[in-house]
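A.B. asks: Take a look at the following structure, please.
The values are calculated or read from the model by the stated rules, or taken from the named source; none is laboratory data. If you're wondering where the values come from, they're calculated on a predicted model, not measured in any experiment. As a convention, Cβ positions derive from the backbone with ideal geometry for all residues, glycine included, and neighbour counts pool all protein chains shown.
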Amino acid sequence: MRLGVVTFPGTCDDVDARLAVAKVAEPVALWHGDADLQGVDGVVVPGGFSYGDYLRAGAIARFSPVMASVIAFANAGGPVLGICNGFQILCEAGLLPGALLPNKDLRFVCRQVDLEVQTTATPFTSTCEVGQHLSIPAKHQTGCFFGHVAPEQVVLRYAEGHNFNGSQDDIAGVVNAQGNVMGLMPHPEHAVDLLTGGSADGLRLFEGMARVAVA
Amino acid sequence: MRARVLIRPKAGILDPQGVAVERALPALGFGGVANVHVGRLVELDVEDEGQLDDMCRKLLANPLIEDYEIQTVSA
């Protein structure tokens with residue numbers, strides 16, 4: 001089973017995303033200018049500052065050749081995980097509800113956050129339990145979630161005291177109505193190894209994604 | 001045709017930049033300032049001004065969180 005990881009100009013978390021994927025599947029590097037998804041079984045859109053965050057974070061990236069293919073892949077039911085800037089891109093592409101606004105205090109924040117799993121009825125959280133806390137790093141300046149989203153589409157919330165960016169209803173991660181596209185601001189790919197991640201909780205999401213991609 | 005697109009945060013949307021500016025002005029002695037909002041200005045030359053609205057909805061603004069206003073400028 002093969003999971004693609006997209007790289008745009010300005011992406012910086014693609015290497016960690018490929019390392020995280022390698023723990024559950026074969027990682028495949030995908031390039032923004034190439035519409036060929038190389039037959040992957042799932043796609044990770046990683047974090048960074050695609051196209052310099054010009055205009056709005058994710059606004060330019062959504063029109064790249066690879067995203068036309070990712071949108072078609074997602075609409076056909078393929079699993080897609082957007083992390084941080086990837087989340088912003090999937091929102092701009094209309095694959096996920098809502099938008100990400102500047103953090104309420106306008107600062108770039110880098111810290112470990114606790115996330116509370118809201119539902120296990122998505123591929124990505126199928127390896128978790130409802131109410132379970134995941135300790136995962138977050139690092140962003142534009143991560144304040146805003147949008148109209150059905151309660152069952154809220155997958156992760158910041159645990160009490162951890163909503164540093166002002167997100168509406170403590171929302172940290174959402175899925176589309178079909179449940180095959182997920183986005184979150186914190187970085188599960190940075191928390192897949194106890195040596196460097198502070199926890200390996202992020203691995204759960206990749207394991208869940210791989211489990212469904214196989215099916 | 002020279003055009004100017006003003007993009008602002010929608011009413012009711014968290015605008016921390018506006019809040020920061022609103023708080024900074026009194027600190028410099030400017031009183032009586034309220035309802036500050038910070039947006040973006042995009043200036044462009046276009047051959048077909050009929051496309052401007054589509055450009056705004058698809059790229060220049062995110063209609064979910066931003067309002068836009070198109071002004072055409074005579075050269």
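A.B. asks: Can you pull out every residue in segment A:166-213 that is among the hydrophobic types (A, V, I, L, M, F, W, C) and either within 14 Å of another protein chain (Cβ to nearest Cβ) or over 19 Å from residue A:153 (Cβ atoms) (or both)?
C.D. replies: Matches in segment A:166-213: A:171, A:174, A:191, A:192, A:194, A:195, A:200, A:203, A:206, A:210, A:213.
A.B. asks: Same structure again: Which of the residues belonging to segment A:129-165 are assigned to a loop (DSSP other than H, G, I, E, B), within 14 Å of chain B (Cβ to nearest Cβ) and farther than 22 Å from residue A:190 by Cβ?
C.D. replies: Listed by number, the residues that qualify are A:147, A:148, A:149.
A.B. asks: Are there any pairs, at least 6 apart or on different chains, whose C-beta atoms fall under 7 Å, with the first in segment A:32-45 and farther than 22 Å from residue A:12 by Cβ and the second assigned to a loop (DSSP other than H, G, I, E, B), and if so, which?
C.D. replies: Once the first residue is farther than 22 Å from residue A:12 by Cβ and sits in segment A:32-45, its partners that are assigned to a loop (DSSP other than H, G, I, E, B) give A:41/A:1.
A.B. asks: Quick check, is residue A:55 under 26 Å from residue A:33 (Cα atoms) and in a strand (DSSP E or B)?
C.D. replies: No: the conditions fail for residue A:55.
A.B. asks: Here is a further query. Only one residue in B:14, B:28 is hydrophobic (A, V, I, L, M, F, W, C), out of contact with any Lys or Arg (no Cβ under 9 Å at 6 or more places or on another chain) and modelled with pLDDT under 95. Which one?
C.D. replies: Working: B:14 fails: out of contact with any Lys or Arg (no Cβ under 9 Å at 6 or more places or on another chain).
Result: B:28 is the single residue among B:14, B:28 that is hydrophobic (A, V, I, L, M, F, W, C), out of contact with any Lys or Arg (no Cβ under 9 Å at 6 or more places or on another chain) and modelled with pLDDT under 95.
A.B. asks: Could you tell me how many of the residues in segment B:14-50 are within 19 Å of the chain's Cα centre (by Cα), closer than 26 Å to residue A:141 by Cβ and exposed (fewer than 12 other Cβ atoms within 10 Å of the Cβ)?
C.D. replies: The qualifying residues number 3.
A.B. asks: For segment A:97-115, name all the residues that are at the interface with chain B (Cβ under 10 Å from one of its Cβ atoms) and outside any loop (DSSP other than H, G, I, E, B).
C.D. replies: Those that are at the interface with chain B (Cβ under 10 Å from one of its Cβ atoms) and outside any loop (DSSP other than H, G, I, E, B): A:99, A:100, A:101.
A.B. asks: Need a quick list: strands (runs of 3 or more DSSP E) entirely within chain B having at least 3 residues that are away from chain A (no Cβ under 14 Å).
C.D. replies: By residue number, B:2-9, B:66-73.
A.B. asks: Taking the options A:77, A:94, name whichever one is in a loop (DSSP other than H, G, I, E, B), more than 14 Å from every other protein chain (Cβ to nearest Cβ) and either among the β-branched types (Val, Ile, Thr) or surrounded by fewer than 24 Cβ atoms within 10 Å (Cβ to Cβ) (or both).
C.D. replies: Of A:77, A:94, the one residue that is in a loop (DSSP other than H, G, I, E, B), more than 14 Å from every other protein chain (Cβ to nearest Cβ) and either among the β-branched types (Val, Ile, Thr) or surrounded by fewer than 24 Cβ atoms within 10 Å (Cβ to Cβ) (or both) is A:77.
A.B. asks: Then there is this: For segment A:59-92, what are the residues that are of a type in the set (Gly, Ala, Ser) and in contact with a Gly (Cβ under 8 Å, 6 or more places away or on another chain)?
C.D. replies: Taking segment A:59-92 first, the residues of a type in the set (Gly, Ala, Ser) are A:59, A:61, A:64, A:68-69, A:72, A:74, A:76-78, A:82, A:86.
Correct list: A:64, A:78, A:82, A:86.
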